[in-house]
Amino acid sequence: MVHLDDIYIDVHTHLFTNDEVSKINKCRILAINAGVDYETDLRVLYHYINNENLIPALGIHPENISNVITVQKSLELIPLFELPISEVGLDYFWIKDRELRKKQIEILEKILEIADKGSRPVILHIRGGMSDFINVIRSYNVKFAIHAYEGSLKDALKVVEIGGYISFPPVILRDKNRQYIMKNIPIDRILTETDSPYLSFEKGRKGEPCDVKYTIDFMSNEFGLRMSEVITNNFKHFVGNYLESAFQERRRVITYIEGILSNGSNKKTLQD
Ligand SMILES: [Zn+2]
């Protein structure tokens with residue numbers, strides 16, 4: 001099991017290829033690697049085999065819910081392992097269609113039910129749709145974080161009030177609104193992430209998990225505190241005993257993925 005002393009925490013990244021995964025060796029990091037559909041859910045499981053500091057999280061990105069087959073397969077996969085859940089949520093920024101938004105809520109409810117049963121931490125994508133999200137989440141007893149939070153301070157405080165965490169990507173270095181939110185929510189609810197390869201601190205740059213360092217330096221400066229310690233503590237509260245379950249699941253993940261790879265045609269999908 002990875003020890004959490006002197007380590008950077010990235011609660012939300014997308015490392016699907018070998019090349020992307022190789023970037024985590026540049027620093028000491030623990031990252032939660034989020035799938036966005038069935039294929040990438042399998043990929044994050046696959047990369048756990050050789051990287052115990054890359055905790056897989058299974059999910060269906062809200063922009064991918066119109067693909068019925070991948071939704072069905074992911075919904076079958078998610079309950080199989082005691083791992084965190086991501087990327088799931090509501091996206092009203094790109095999805096304007098009423099029926100599709102309803103479908104997003106339906107799928108989110110199904111997933112929260114699974115999370116609630118196993119006390120699995122959930123890392124959410126909520127872009128627009130915050131009031132619908134707050135209505136939904138109240139019915140479940142789950143630990144959750146909103147990744148790359150981009151709403152108002154008022155909504156952020158609501159999230160905190162119902163027990164949620166707010167996670168900030170490196171783009172915060174050049175984003176005044178996120179800086180304002182960070183300074184005005186309780187410090188014990190702040191988490192760091194990269195959402196890499198997206199949301200870098202520099203426009204056009206391909207992000208990577210070790211970029212958390214820049215966020216930590218920035219936050220430490222703002223608060224006058226050693227924020228790496230604060231974030232690690234927050235993370236421990238957020239995941240609770242779940243980190244241990246994730247490490248214990250590793251054996252089962254390996255057996256499962258080896259089974260999938262034994263069918264030669266799957267090899268190409270997972271191993272580039
Ligand atoms: Zn993401």
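Derivation of every value follows stated rules applied to the coordinates shown; laboratory data play no part. Keep in mind that what you see is a predicted model, and the values were worked out from it rather than measured. Every residue, glycine among them, receives a Cβ derived from its backbone with ideal geometry; neighbour counts consider all protein chains shown.
Worth pointing out:
- Overall, the anisotropy analysis places the range 74-151 in the prolate class: the square-rooted eigenvalues a ≥ b ≥ c of its C-alpha gyration tensor yield a/c not less than 1.5, with a/b exceeding b/c.
- Rounded, prolate or oblate (a/c below 1.5 giving rounded, otherwise prolate when a/b exceeds b/c) for the range 8-270 by Cα gyration tensor: oblate
- Furthest towards positive pole of dipole, GLY259, ASN18, TYR214, structure part the range 8-270, Cβ charges: TYR214
- Of LEU153, TYR38, LEU54, farthest towards positive along the dipole that unit charges on Lys, Arg, Asp, Glu beta carbons give the chain: LEU153
- Counting other Cβ atoms within 10 Å as a rough exposure proxy, the listed residues LEU80, LEU124, LEU108, LEU243 run LEU80, LEU243, LEU108, LEU124 from fewest neighbours to most.
- Entries in LYS110/LYS154; LYS23/LYS203; LYS96/LYS213; LYS117/LYS206 that, when Cα-Cα distance is taken, lie over 30 Å: LYS96/LYS213; LYS117/LYS206
- Which of THR232, THR192 has the fewest Cβ neighbours within 10 Å, and the rest in rising order: THR232, THR192
- Neighbour-count ranking [beta-carbon atoms within 10 angstrom, fewest first] of LEU58, LEU30: LEU30, LEU58
- Selection of trypsin sites (Lys or Arg not before Pro), the range 48-125, meeting DSSP coil and at most 13 other Cβ within 10 Å: LYS96
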